[in-house]
Amino acid sequence: MWEIVQETVSFIKEKTNFTPEYGVILGSGLGSFTDDIQIEFTLPYTEIPNFPVSTVQGHKGALVFGFIGDKKVVAMQGRFHFYEGYSMQEVTFPVRVMKYLGVKKLIVSNASGGVNTNYNVGDIVIIRDHVNMMPEHPLRGKNDERFGPRFVNMSEAYSKNMITKAKELAKNLNIKVLDGVYLGLQGPTFETLAEYKMVKNIGADCVGMSTVPEVIVARHMEMETFGLSVITDIGDEDSIETISHDEVLEAAKSAEPKVRILIKELILKY
């Protein structure tokens, strides 16, 4: 893995000569954040050696390099999911690459189903912690100490300082944000009603099919991480029958302007 990561990093550095401080992973329906970036380079995934290619509607498939104000940023337009058939190592490969391009802070966004009765479709949730219920772990197998330790301390998976700053910014911007625990399941099916109830009983507030592997690998390499989730459906008896991927994208799009402003301000001021 080390050699493959270094090969990819060398290729990207040769193409861009760009050292980003922030990495951003854009989830379903949230890809337009790149419009806020003063773009210097765009590299389609298909042109990057060893990179997977996103197969999901709403995920465009490019690395975008540029500036938010004076901050250097690389954004993933489209992420990879375990349910697409990729290994966990492939899903998290871009996070490894980001680290060795220079990224110190990682921001991840996603769309999720809410089980907290205080949540509504379109709400923005700051992820304060997660529960990993995916059937594979991105760190399973022989550990390479060059990346990080065998046993990773996950007591602060999501940066408390970044969470505090984001809440302060949201208040100043008059953007309503909630916080909660995100639970990761494999997918690609939306959850059954019984599974939504399980998620709630375990102590999570929302559920999705991404983010957890990327955050684990980021923390393995001591990157500071921050997560946002847009509630795109509610897991109860009244709404479970109607949910579809198109509706998820539509709900995410409605919240996207606020998500974009919040991420942009966090990058500028943290």
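Remind me, relative contact order of the chain in percent, using alpha carbon pairs under 8 angstrom and six or more residues apart? List each step's numbers first, then the result.
Working: 552 pairs, mean separation 69.5, N = 270.
Taking the mean separation of contacting Cα pairs over the length of the chain, I get 26 percent.
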*Helix 193-202 versus the longest principal axis of the chain: what is the Cα-based angle in degrees, 0 to 90, to the nearest 10?*
70
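Going by average Cβ density within 10 Å per residue, which order do the peptides 184-195, 135-146, 252-263 take, highest to lowest? Intermediate results must be reported in sequence, preceding the final value.
Values: 184-195: 15.5, 135-146: 12.0, 252-263: 19.6.
Descending mean neighbour count gives 252-263, 184-195, 135-146.
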*What ranking, highest mean first, results for peptides 87-100, 148-161, 60-73, 168-181 when packing means the other Cβ atoms within 10 Å averaged over each residue?*
87-100, 60-73, 168-181, 148-161
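In deg cm²/dmol and to the nearest 500, what is the mean residue ellipticity at 222 nm of the chain if only DSSP H runs of at least 4 residues count, each as -39500 (n - 2.57), divided by the residue total? Walk me through the numbers on the way to the answer.
Numbers: 6 runs with 86 residues, N = 270.
When only DSSP H runs of four or more count, the value is -10500 deg cm²/dmol.
Work out the P(r) tail for the chain: percent of alpha carbon pairs separated by more than 26 Å, whole number. Please list the in-between numbers first.
Details: 13185 of 36315 pairs.
Percentage above 26 Å: 36.
Which of the peptides 202-208, 38-44 is most tightly packed, and how do the rest follow, judged by the mean count of other Cβ atoms within 10 Å per residue? Kindly include the intermediate steps, with their values, before the conclusion.
On the way: 202-208: 21.9, 38-44: 14.3.
Put in order of decreasing packing, that is 202-208, 38-44.
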*Apply the Debye scattering formula to the range 132-270, with a single equal point scatterer on each alpha-carbon and no solvent, then give log10 I(q)/I(0) at q = 0.13, 0.22 Å⁻¹.*
-0.69, -1.39
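Would you mind calculating the gained length between R150 and M1 on full extension (0.36 nm times residue separation, minus the Cα-Cα distance), in nm to one decimal?
Values: separation 149, 0.36 × 149 = 53.64 nm, distance 1.52 nm.
The span from R150 to M1 would gain 52.1 nm if fully extended.
Any read-out appearing in this document is the output of simple, stated calculations on the displayed coordinates, not a laboratory observation. Note that the coordinates shown come from a computational prediction; the quantities given were computed from them, not determined experimentally. We place every Cβ from the backbone using ideal geometry, glycine too, and count neighbours over all the protein chains shown.
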